[in-house]
Amino acid sequence: MSNLPRSQTGNSRLSTMPSQKPRQLSHLQAQLAQLTANMADLESLMRMTAGQAQDMRGLGGYAGAMFMAASKVLGEETVKGGEGSQAPGQEAHGNKTSRE
């Protein structure tokens with residue numbers, strides 16, 4: 001076998017390359033434009049997420065404050081489970097009146 005078929009194949013590739021190059025560059029440019037648009041969207045979403053994270057932090061503080069306030073209102077006895085013999089619907093001071 002000679003080098004003739006290989007050189008013909010090589011010549012056909014070289015002859016089609018210059019015609020494909022503008023199309024490939026155009027496609028690459030379109031992909032780059034899409035990537036740039038996606039990156040801008042991502043940046044916007046990241047800014048929004050960062051703001052929401054700060055808001056969630058504030059809500060966590062409010063929830064913690066509500067739990068602390070509830071423990072003061074209900075008393076440590078009720079929060080810890082009381083004496084353990086009370087039903088969930090019974091109040092602690094109801095048993096005190098029965099003892100008196």
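At 4 °C and 1.567 mPa s, what whole-number value in µm²/s does Stokes-Einstein give for the translational diffusion of the stretch 15-74, with Rh from the Kirkwood sum over Cα pairs? It would help to have the intermediate numbers written out before the result.
Details: Rh = 16.0 Å.
Approximately 81 µm²/s, per Stokes-Einstein.
Suppose each label sits 7 Å from its Cα in the direction of the beta carbon; what would the LEU25-LEU45 distance come out to in nanometres?
For the pair LEU25/LEU45, the computed spacing is 3.3 nm.
We did not get these values from a lab; they are worked out from the coordinates using the rules stated. Worth saying up front: this structure is predicted, and the values here are computed from it rather than measured. Cβ atoms come from the backbone with ideal geometry, glycine included; neighbour counts cover every protein chain shown.
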